[in-house]
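Have a look at the structure below, then the notes.
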Amino acid sequence: MTGTYIAILRGINVAGQKAIKMVALKSMFEGIHCNNVKTYIQSGNVIFSAATRDIKEQEYSISSAIEDAFGFPVPVIVLTINTMEMITANNPFADDDSKDPSFVHITFLANKPEDHLKEKLMDKIQDNEACVITDEVVYLYCPHGYGKTKLNNTYIENNLKVSATTRNWKTCMELLKIALST
């Protein structure tokens, strides 16, 4: 049975690094037996259908195919529609009228971080920022802009000791919308 998935790639097309054209990325996905492939913006968001339901197998297959096709490694996190629905529904900042949604970000974690590592992140929260850490994601509210927070993707990866990739709230909602219509 085929399922619909969302792949989010870490660090492509950022500041001219790891450049991948979306047409080429779509073609690569189709080459590894993915169907209904759709990309969203240039930062590595792909919605697709596939027969395999093993998420880790999909992540490995996609990451390997990217390295083979484009010559560099790219961490990949694959989510089911149900997982993305749960993540967006549980966003503690989504219904908070005091929080501007344009400053909400979600950092997706490739693996569950150890509990004792989560506490260290809380030390870096700056004025008016908010952070909620779960086993799957880090919800961030950065009212001064994501570019100014100390809780950036690299800091989160280094301190939680897991691979991660961050998307803004608008992108997360659009990815879910596209996936639900696929």
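Laid out as a table, the results:
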| item | result |
| --- | --- |
| Matching residues in segment 164-182 - criterion: being among the small types (Gly, Ala, Ser) and closer than 16 Å to residue 134 by Cβ | 164 |
| Any hit, segment 53-64, residues being assigned by TED's automatic domain parsing to the domain that holds residue 20 and in contact (Cβ under 8 Å) with a residue 60 or more places away in the chain | no |
| Residue match in segment 151-167 (condition: at negative phi, in contact (Cβ under 8 Å) with a residue 60 or more places away in the chain, crowded, with 21+ Cβ neighbours inside 10 Å and touching a Leu at 6+ places or on another chain (Cβ under 6 Å)) | yes |
| Unique match (being in the same structural domain as residue 13 (by TED's automatic domain parsing) and closer than 30 Å to residue 34 by Cβ) among 162, 76, 137 | 76 |
| When residues of segment 110-163 are limited to those that are β-branched (Val, Ile, Thr), more than 22 Å from residue 75 (Cα to Cα) and touching a Cys at 6+ places or on another chain (Cβ under 7 Å), the one modelled with the highest pLDDT | 149 |
| When residues of segment 1-50 are limited to those that are aliphatic (A, V, I, L, M) and part of a helix (DSSP H, G or I), the one surrounded by the fewest Cβ atoms within 10 Å (Cβ to Cβ) | 23 |
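The values are calculated or read from the model by the stated rules, or taken from the named source; none is laboratory data. For clarity, every value in this text was computed on a predicted model and none was experimentally measured. All Cβ positions, glycine included, derive from the backbone under ideal geometry; neighbour counts span all protein chains shown.
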